[in-house]
Amino acid sequence: MVAFDEMLPAEAGLRRPYEAYDGWLKNQDPARLTEKMRDAERVFRKTGITFAVYGEQEASERLIPFDIVPRIISGNEWRRLTQGIEQRVQALNAFLDDIYHRQEILRAGRVPRELIATNEAFLPEMIGVRPPAGVYTHIIGVDIVRIAENEFYVLEDNARTPSGVSYMLENRETMLQLFPELFQRIKVHPVENYPQLLRQSLAAVKPNGVNGAPTIAVLTPGSFNSAYFEHAFLADQMGVQLVEGQDLRVVDGHVAMRTTEGYKQIDVLYRRVDDAYLDPLTFKPDSALGVPGIMDVYRAGNITIANAPGTGIADDKAIYSYMPEIIEFYTGRKPILGNIPTWRCSEANSLKYVQEHLAELVVKEVHGSGGYGMLVGPAATRKEREEFSKKLAARPSNYIAQPTLSLSTCPILTEKGLAPRHVDLRPFVLVSDRIRIVPGGLTRVALKEGSLVVNSSQGGGTKDTWVLDD
Amino acid sequence: MLLGRTANGLYWMNRYIERTENMARLIDAGLRIALTRSQDASEEWKSVLLSAGAASSFAGKHSDYTAENVADFLLRDMSNPSSAVAAMETARNNARMVRTALTRETWESINEAWMALKRMLASPIDQRELPGVLDAIKRETALIRGSFYGTMLRNEIFDFAQLGTYMERADNTARILDVKYYVLLPSVSWVGSSLDNYQWESILRSVAAHRSYRWVYEAEYKPTNIAEYLILNARMPRSLSFSYRFLAEHLKFLGEDYGARHPAQEIAERIYARLRGTEIKDIFETGLHEFLADFIRDNNRLGDQVAQDFGFY
Amino acid sequence: MRLKVSHRTEYSYDEPIRYGLQRLRLWPASGPAQTMLTWALHIEGAREEVRFLDQFGNDTRLLSIDGDPHTISVVAEGEIETNDTAGVSGPHRGFAPLWLFEHQTPLTAPGTAIRDLAASVGDGGDLQRLHGLMALIQQRIAYVTGTTDSRTTAEEALVKGTGVCQDHSHVFAASARLLGFPARYVSGYLMMNDRVDQVATHAWAEAYVSDLGWVGFDAANGMSPDERYVRVAVGRDYREAMPIAGILIGHAQERLAVHITVEQ
């Protein structure tokens, strides 16, 4: 199976979005490019020091590899993608509102009740809560893969606390430093204003009783969290406080942070702490990362929590397979962006099919993430498949299966010149009174030849993602 | 607006940077005596440990008061929270927590100092290398100070960090004096004897004042002059008076910024006024040790009050 | 029947409190079986931060405590007009779906004892089976105070064979769910006939019966609630309906004193 290459597809020749870049590339001295690649490493290590130093141990502080060849998307392609994404995030929010109120979609039998009822991501404490502007998931990372010129699929929706946006911003910064002339020749939509958009978006969903500019803060689990750099970076770029649970308490009916001048009210909290740890009075009683009573303040309407607690019910892998039905139910239209066909192993017929076709399929844990606990059928040994088959039989409802897609490729610069590698794309979506999508996103690339696993925890790298202003 | 936790982080960041440097200075002074007067070396190392506030924890681990053991314990032993490498790591952890309040240069200088100390102190130090290591530690902390002074905005962030520096410094100088107060007492001073000469020099050396002393006083060491210099001279950057001049000043800035006079400012101004209104002979009359013990207690009380006034916890 | 209720809770602490919260579910709602005539909460030594309706529609208040008060007191009192509806408290209301009450919680998670108990309930109509279950539980668990606490699970209480109304209610809810009924936990007050001073707040369970709605079963007393019962809060178990839930930061030790009167 030959993968679709986004720069130079096998049959069609150089694709338009890459023409200007290719023109520039042809005139580059290969030695200079190699030198730039080394520069990139140096620049990135310098910027990347910020990534490195925030990890737990010096030894485990890894830089995520960066490739200097941009992934380029035409304006037209991007417009189509954004329409699909907008439709999807509208449906996700409508679904969340419904699930925590009348549950019409369950009554209509379009999504099986058991899927919600037995799901740990469903939070009864959210029943009856309608946040400002009716938005539950404010910040969403939609993972998209491409397999042909006009075939895009959504791989998963990250509706809880998607990360990676700081890499998108740092990647662009690095490219601007390395190749300023490229950005003069080629009109690329900027992504740098993401923190400002995030701030505007959060401010737009302030609680109803707040007059004037709301006070926003970012809640982090602390400096030993693996994504701490991103938390600090976003707080810094937005010009808001980076707070921890120990800084916060309930004061005068609001959540307030302890400052050098006493407690100050917070109106909108961009939290990067998981639901279970958010409120020890409501959830895990031993959590030291959260704020006791924040759920009470939330239900009283005195703070906006972004993303809302309980949004995980919308991005669960078992729910994912129902997204086409969900989109149609709430928007009345067919999905613009398709789902990857998915077999739910909880269903007997599907389980049988999956067991018989393990060698062709990718099997994932319903609640897993980061590429762990999955089986890539074609790449697995017979023994691995047999062992996985036993796990599957023991807990079928814990798994879903999908066909192995031939993800599109983009060239990366290797020591032997350009070489194609598989990529995916995570655009970042902001939802408030309106939907904002920064033109770009995080392109993850599998650096190993032939590999389909793009996760940074398993040898993936990243690329700058260009959306052309054409 | 500044989080109380951030103010606390800035304060301890600088306290621990100052402590890192003080450890190097203390060992430097001890080493000088050990090299020149080997028969008194173990007594001198005991004083060094007392000044570092590490005498009992050292005794729990080592029985020989040798340069090797003391330098190892005060520089590279992670079980000693005040060792140079542990102090630098605490400073760096605090800096990481308050990262967004620091300039990039300040953060990088701290991070690089931490990496340098980790590297230098990874394995036991060869005694021939010790002077070089001590110099390198002082150079790293000087680089941090340079970046900090050169790039930080003079706002509340700067004030809280500076409070940490001067609280630690005042405590350190007072401890050094208190551990050896008896050699400064007039009753036991054999003027001109070589015994006292080296003790006095050691005191001055441990606060980097053995050269500047000569610029201020006549060449000969006199105990009352040494005490006066380290306690009351407001131009000597490691003296108690100098430290309190800046503690009072930074608390005044904070009070002005916040439009409030905090109890901590009252305490600092009272202590500073006492230092300014005192002559060294009065201190000797009421008792040098008593004076220093009072000072150390008041200094700690000020630290608690600062934490309370500005929501550190 | 017009019932006059006074419920006083007093917390004493042996040292100043750095910070604490108390969440109160002490505000009864009017419904088919009761009408609230007057009700008031008097709070001393703590501040009310927010009030809201929780996911089950319970009127909930959050109080905060800090600094020196060595004692805080919460007095809930008022008058409720009750009527005997033969235990029926009406149709299901609110956004919390009925199916939510079909699911067990950590406090009601059944083990073999509860499974056996549920299996031993005879055949018959819904009400007959539920009354049968209530009678079984009353037989199996003797009312003995001090043998269980707020963390005791339904299974543990049944195995032990002793407990208080909270345990009877958990065992009932757990078993009713196994039998296919949505079930919930109710906290409230009961006027015992022979006295004005009541020992504690009361609790019972409700099961949802098609056509009738929610029906109450007080397994501790072997009867369905009548006009001597005042319902205050509901949840899937004690943890979700408890009258007062708190969190305390610091080392202060808490001492609790409760005084309840219910009279006509």
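The values are calculated or read from the model by the stated rules, or taken from the named source; none is laboratory data. No experiment lies behind these values; they were computed from the predicted model shown. With ideal geometry, Cβ positions are generated from the backbone for all residues, glycine too; neighbour counts draw on all protein chains shown.
Structure notes:
- Among the residues listed as B:167, B:115, B:152, the single one being more than 20 Å from the chain's Cα centre (by Cα) and surrounded by 16 or more Cβ atoms within 10 Å (Cβ to Cβ): B:152
- For the stretch C:16-52, a residue qualifies if it is within 24 Å of residue C:203 (Cα to Cα) and surrounded by 22 or more Cβ atoms within 10 Å (Cβ to Cβ), and the qualifying residues are C:21, C:22, C:23, C:24, C:25, C:26, C:28, C:33, C:34.
- Of the residues making up the stretch B:268-278, those that are in contact (Cβ under 8 Å) with a residue 12 or more places away in the chain and not basic (Lys, Arg) are B:268, B:269, B:271, B:272, B:275, B:278.
- If the condition is being facing chain B (nearest Cβ under 10 Å) and of a type in the set (Asp, Glu), then the stretch A:252-262 contributes only A:261.
- Scanning the stretch C:86-95 for residues that are buried (at least 16 other Cβ atoms within 10 Å of the Cβ), more than 14 Å from every other protein chain (Cβ to nearest Cβ) and assigned to a helix (DSSP H, G or I) turns up nothing.
- Residue selected from the stretch A:284-301 under the condition surrounded by fewer than 24 Cβ atoms within 10 Å (Cβ to Cβ) and touching a residue at least 40 places away in the same chain (Cβ under 8 Å), by the criterion farthest from the other protein chains (Cβ to nearest Cβ): A:289
- Of the residues making up the stretch C:135-185, those that are over 15 Å from the mean Cα position of the chain (by Cα) and over 24 Å from residue C:56 (Cα atoms) number 22.
- Assessment of the stretch A:85-96 against the conditions (away from chain C (no Cβ under 14 Å), assigned to a helix (DSSP H, G or I) and in contact with a Lys or Arg (Cβ under 8 Å, 6 or more places away or on another chain)) yields at least one matching residue.
- Yes/no for residue B:112 being within 29 Å of residue A:231 (Cβ to Cβ), at pLDDT below 95 and not in a loop (DSSP other than H, G, I, E, B): yes
- Among the candidates A:464, A:433, A:469, residue that is exposed (fewer than 15 other Cβ atoms within 10 Å of the Cβ) and under 24 Å from residue A:73 (Cβ atoms): A:469
- Against the test of being in a helix (DSSP H, G or I) and among the small types (Gly, Ala, Ser), the options A:457, A:406 yield a single qualifying residue, A:457.
- Residue list for the stretch C:11-47, restricted to those being touching a residue at least 24 places away in the same chain (Cβ under 8 Å) and within 13 Å of another protein chain (Cβ to nearest Cβ): C:17, C:18, C:19, C:20, C:21, C:22, C:23, C:24, C:25, C:46
- Within the stretch A:319-354, being touching a helix residue (DSSP H, G or I) at 6+ places or on another chain (Cβ under 6 Å) and either in a helix (DSSP H, G or I) or surrounded by 22 or more Cβ atoms within 10 Å (Cβ to Cβ) (or both) holds for A:326, A:327, A:329, A:330, A:331, A:344, A:345, A:351.
- Single condition residue C:50 does not satisfy, out of (1) part of a loop (DSSP other than H, G, I, E, B); (2) of a type in the set (A, V, I, L, M); (3) free of Cβ contacts under 8 Å to residues at least 24 places away in the same chain: (1)
- Of the residues B:215, B:190, the single one that is hydrophobic (A, V, I, L, M, F, W, C) and at pLDDT below 75 is B:190.
- Just so you know, in the stretch A:126-144 the residues that are touching a helix residue (DSSP H, G or I) at 6+ places or on another chain (Cβ under 6 Å) and under 12 Å from residue A:315 (Cα atoms) include one that is nearest to the other protein chains (Cβ to nearest Cβ), and it is A:137.
- Exactly one residue out of C:203, C:257, C:245 is closer than 19 Å to residue C:82 by Cβ, in a strand (DSSP E or B) and in contact (Cβ under 8 Å) with a residue 12 or more places away in the chain: that is C:203.
- The listed residue being in contact with a Lys or Arg (Cβ under 6 Å, 6 or more places away or on another chain) and surrounded by fewer than 24 Cβ atoms within 10 Å (Cβ to Cβ), out of C:161, C:188, C:180, C:213: C:188
Conditions tested, residue by residue: (1) farther than 26 Å from residue B:313 by Cβ; (2) modelled with pLDDT of 95 or more; (3) more than 10 Å from every other protein chain (Cβ to nearest Cβ).
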site	(1), (2), (3)
A:207	yes, yes, yes
A:215	no, yes, no
A:219	no, yes, yes
A:225	no, no, yes
A:243	no, yes, no
A:247	no, yes, no
A:250	no, yes, no
A:266	no, yes, yes
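- Scanning the stretch B:116-131 for residues that are in contact with a helix residue (DSSP H, G or I) (Cβ under 9 Å, 6 or more places away or on another chain), part of a helix (DSSP H, G or I) and free of Cβ contacts under 8 Å to residues at least 40 places away in the same chain yields B:116, B:118, B:120.
- Options A:100, A:136; residue that is of a type in the set (Phe, Trp, Tyr), assigned by TED's automatic domain parsing to the domain that holds residue A:327 and in contact with an Asp or Glu (Cβ under 7 Å, 6 or more places away or on another chain): A:136
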